[in-house]
1. Name the residue from S28, G12, G73 whose Cα lies farthest towards the positive end of the charge dipole of the stretch 1-121, charges +1 on Cβ of Lys and Arg and -1 on Cβ of Asp and Glu.
2. Based on a Kirkwood Rh over C-alpha pairs, give the Stokes-Einstein translational diffusion coefficient of the stretch 67-168 at 10 °C and viscosity 1.306 mPa s in µm²/s.
3. Go through the stretch 42-149 and name the GluC sites (Glu not before Pro) that are in a DSSP coil and have 12 or fewer other Cβ atoms within 10 Å of their Cβ.
4. What value, in deg cm²/dmol to 500, does the helix sum -39500 (n - 2.57) over DSSP H runs of n ≥ 4 give at 222 nm once divided by the residues of the chain?
5. Cα-based Rg of the chain per 2.2 N^0.38 Å, rounded to two decimals?
6. May I ask you to derive the relative contact order of the chain, considering only C-alpha pairs under 8 Å and at least 6 residues apart, and to give it as an integer percent?
7. Given R₀ = 30 Å, FRET efficiency for F8-R143 by Cβ-Cβ distance, to 0.05?
8. Mind jotting down a quarter of the surface of the convex hull over the alpha carbons of the stretch 1-97, in square nanometres, one decimal?
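What follows is calculated from the coordinates using simple rules that are stated; it is not laboratory data. Bear in mind the structure is a predicted one, so any value in this text is a computation, not a measurement. Cβ sites come from the backbone with ideal geometry, for glycine too, and all protein chains shown count toward neighbours.
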Amino acid sequence: MEFLRPQFAPPGGVWPYVDEASGKTFESRVSLDDVVSQVTRFLKANGREVPAGLRAGIEDWICQRMPPGVCSGEGGLPKYETLPSFFEVSKATDEMFHARRWELCSPAVAEDRARVCIPCRRHSLRLCTTCDGLRKVARDYVRGRRTRFDAQLGVCMVFRVPTVGLIHVEGLTRGEGCPEKCWVAA
Ligand code: SF4
C-alpha cells in the first residue's frame with residue numbers, strides 16, 4: 001500500500017515503524033524518508049542486510065495501520081482489524097474507568113507496555129483518537145500521564161480503549177483475544 005499524499009504526515013502526526021525482528025521502534029515527524037534512513041542506519045549498525053524494498057515495506061507497514069482514505073493499493077482494508085467506531089471506544093473507555101478507581105503503574109512500566117502494544121496485532125491506528133478527543137479523555141482518566149511513545153498509540157481492539165490510557169492501568173484482567181505477548185497478566 002502507498003500513501004495517497006506522502007508529503008503530509010499521517011494521522012497522529014508521525015510516521016511510525018517497528019522492526020519486528022528486534023522490537024525496536026522508530027518514528028519521524030519529518031518524513032517517511034527520514035524513518036527509512038533511521039531504519040537503514042540501525043540495520044547496518046547491527047550487521048543486518050538492508051532489503052532492496054525497505055522503503056516500500058515500511059510504507060506498507062504504516063499504511064496497514066492507517067484509517068481508510070490515507071493510503072491506496074492492494075489490501076486497502078484492514079489487515080489487522082476492522083475500524084473501531086468512535087461511540088464504541090468512547091463507551092468502552094467510560095465504562096472501564098467508571099467501573100472502579102484504578103491504580104496506575106510507574107512511568108517506566110507504562111513505556112515498556114507501549115513498546116509491546118505498538119507492534120501488537122490487536123493494536124489499531126485506524127481511528128484518529130487525536131482528532132475526536134478520545135485520546136484526551138483517556139489521558140484525563142490516568143491523571144494526564146504521558147509517554148514518549150504516545151504519538152504511536154491508537155486503540156487496543158481487545159479492550160476498545162485508547163492505548164495512551166490503557167498502558168498506565170494496573171490490575172487489568174486479560175480480555176478474550178489478547179495475544180500471548182500482551183503485557184496484561186494472564
Ligand atoms: S492486546 Fe495487549 S498488547 Fe495488544 S494492544 Fe491490547 S493491551 Fe496492548
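1. S28
2. In µm²/s, the coefficient is 114.
3. Answer in residue order: E49, E74, E103.
4. Rounded to the nearest 500, the figure is -9500 deg cm²/dmol.
5. 1.03
6. Relative contact order, the chain: 22 percent.
7. 0.35
8. 7.6 nm²
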